[in-house]
1. Test of understanding: among ALA266, ALA244, which residue is of a type in the set (A, V, I, L, M, F, W, C), farther than 23 Å from ALA133 by Cα, in contact with a strand residue (DSSP E or B) (Cβ under 9 Å, 6 or more places away or on another chain) and crowded, with 18+ Cβ neighbours inside 10 Å?
2. Quick test of your reading of the structure: ARG13 fulfils all but one of (1) open to solvent by 80 Å² or more (accessible area, probe 1.4 Å); (2) under 20 Å from ARG81 (Cα atoms); (3) not aliphatic (A, V, I, L, M). Name the failing condition by number.
3. Go over the candidates PHE278, PHE234 one by one and state the one that is within 18 Å of TYR129 (Cα to Cα), at pLDDT 90 or above and of a type in the set (Phe, Trp, Tyr).
4. Within the stretch 207-219, identify whether any single residue is touching a residue at least 60 places away in the same chain (Cβ under 8 Å), in contact with a strand residue (DSSP E or B) (Cβ under 9 Å, 6 or more places away or on another chain), on the phi > 0 side of the Ramachandran plot and not in a helix (DSSP H, G or I), and answer yes or no.
5. Take residues that are small (Gly, Ala, Ser) and tell me which of the helices (runs of 4 or more DSSP H) falling wholly in the stretch 68-144 contain 1 or more.
6. Only one of (1) closer than 20 Å to GLY239 by Cα; (2) among the charged types (D, E, K, R); (3) surrounded by fewer than 22 Cβ atoms within 10 Å (Cβ to Cβ); (4) out of contact with any Lys or Arg (no Cβ under 7 Å at 6 or more places or on another chain) is not met by ASP115, so which one is it?
7. Six or more apart or on different chains, Cβ under 6 Å: which pairs go from a residue in the stretch 141-153 that's at positive phi to one that's open to solvent by less than 100 Å² (accessible area, probe 1.4 Å) and among the charged types (D, E, K, R)? Could you list them?
8. May I ask you to verify whether ASP254 is touching a residue at least 12 places away in the same chain (Cβ under 8 Å) and open to solvent by less than 90 Å² (accessible area, probe 1.4 Å)?
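The values are calculated or read from the model by the stated rules, or taken from the named source; none is laboratory data. Here the structure is a predicted model, which means the values were calculated and not measured. Here the Cβ positions follow ideal geometry from the backbone for every residue, glycine too, while neighbour counts run over all protein chains shown. The area values use the complete protein model at the heavy-atom level, side chains included, leaving out ligands, DNA and RNA. Shrake-Rupley method; radii C 1.70, N 1.55, O 1.52, S 1.80 Å.
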Amino acid sequence: MVALCGPRNEHLRVLEAETGVTIGQRGHQVHIHGTSAEEVAFAERVVAELCESIRDGNEINGNDVARAVRLLKEHPELKLRDVFQDVVLVSARHRIIAPKGLAQKKYIEALREHDIVFGIGPAGTGKTYLAMAMAVAALMQKKVKRIILTRPAVEAGEKLGFLPGDLAEKVNPYLRPLYDAMHDMMDLDKAQALIQRGQIEVAPLAFMRGRTLNEAFVILDEAQNTTAEQMKMFLTRLGYDSKAVITGDVTQVDLPEGRKSGLSDATNLLTGTEGIAFCTFTDVDVVRHPLVARIVRAYEARDSALSRGRAMREENRAAARETE
């Protein structure tokens with residue numbers, strides 16, 4: 001009951017806001033009141049499925065409650081257990097890493113069934129984190145012999161100048177997010193030992209040229225900042241018994257003006273190719289702070305309005321030329 005209600009009954013307040021019912025709790029009982037039998041029945045189902053998830057050992061927070069309500073509204077045939085109990089990895093801190101929604105569930109299934117998977121969507125949707133969890137699980141189960149993590153060394157809109165230190169120290173700031181995800185899943189000493197033995201390699205994309213990657217789980221992060229040539233180079237590195245995951249957000253390209261994103265190019269070129277899966281995430285799938293989803297929606301609305309404005313101006317110019 002404590003896990004279901006949350007601190008100061010915060011989870012129940014989220015459930016009320018999402019379903020429109022009124023919920024009270026006394027002792028070991030939850031009382032649900034609503035304006036219709038359908039509302040009450042739906043809220044009762046959500047509570048029952050959340051209880052089932054808690055009994056299975058899952059920890060839930062307010063965001064999980066909100067996602068559960070939306071998931072069951074959109075897909076009444078689903079059971080939360082089928083989504084939340086698809087365990088990918090148990091981290092070094094004994095935290096269960098599993099999908100937080102239907103999009104993440106489909107992403108995990110694609111990673112299991114395909115050798116090349118593209119995960120495309122806004123920040124905070126778990127694209128890189130889940131790919132890393134799948135890679136660590138594959139290494140622990142000896143399905144692959146090494147993990148290779150890479151991303152293009154592109155500055156995000158600011159010039160950092162010449163960084164001090166040797167080559168490794170110069171590229172480390174660009175690769176920090178990959179290290180952070182890895183250390184969240186593995187004991188620090190074990191991760192460092194695997195890096196020393198070469199079983200985990202973190203390197204900038206430029207280091208991939210000329211290599212053939214056999215028996216490896218390869219993750220290319222921030223792929224929207226690759227050029228079309230770099231993306232082709234990366235995709236042709238894959239060897240026998242290997243998997244490649246390419247993640248990125250096509251709305252956050254940091255390439256110089258006029259350079260086409262390799263992620264957009266590959267999406268247009270390879271969609272429908274047998275053996276390659278494309279998984280798309282939206283702001284609904286954001287699993288960070290609730291404000292992140294609102295921020296993503298605000299920027300998408302602004303960018304959509306700007307695109308429509310540009311299209312209308314082009315149409316007006318074309319019409320004016322025809323009139324002349």
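1. Numbers: ALA244 fails: farther than 23 Å from ALA133 by Cα.
Testing whether each residue is of a type in the set (A, V, I, L, M, F, W, C), farther than 23 Å from ALA133 by Cα, in contact with a strand residue (DSSP E or B) (Cβ under 9 Å, 6 or more places away or on another chain) and crowded, with 18+ Cβ neighbours inside 10 Å leaves just ALA266.
2. (2)
3. Numbers: PHE234 fails: within 18 Å of TYR129 (Cα to Cα).
Criteria check complete, one pass: PHE278.
4. yes
5. Working: elements: 80-84, 102-113, 127-140.
Filter on the stretch 68-144 gives 102-113, 127-140.
6. Only one criterion in (1) closer than 20 Å to GLY239 by Cα; (2) among the charged types (D, E, K, R); (3) surrounded by fewer than 22 Cβ atoms within 10 Å (Cβ to Cβ); (4) out of contact with any Lys or Arg (no Cβ under 7 Å at 6 or more places or on another chain) is unmet by ASP115, namely (4).
7. none
8. Values: touching a residue at least 12 places away in the same chain (Cβ under 8 Å): yes; open to solvent by less than 90 Å² (accessible area, probe 1.4 Å): yes.
Spelling it out, ASP254 is indeed touching a residue at least 12 places away in the same chain (Cβ under 8 Å) and open to solvent by less than 90 Å² (accessible area, probe 1.4 Å).
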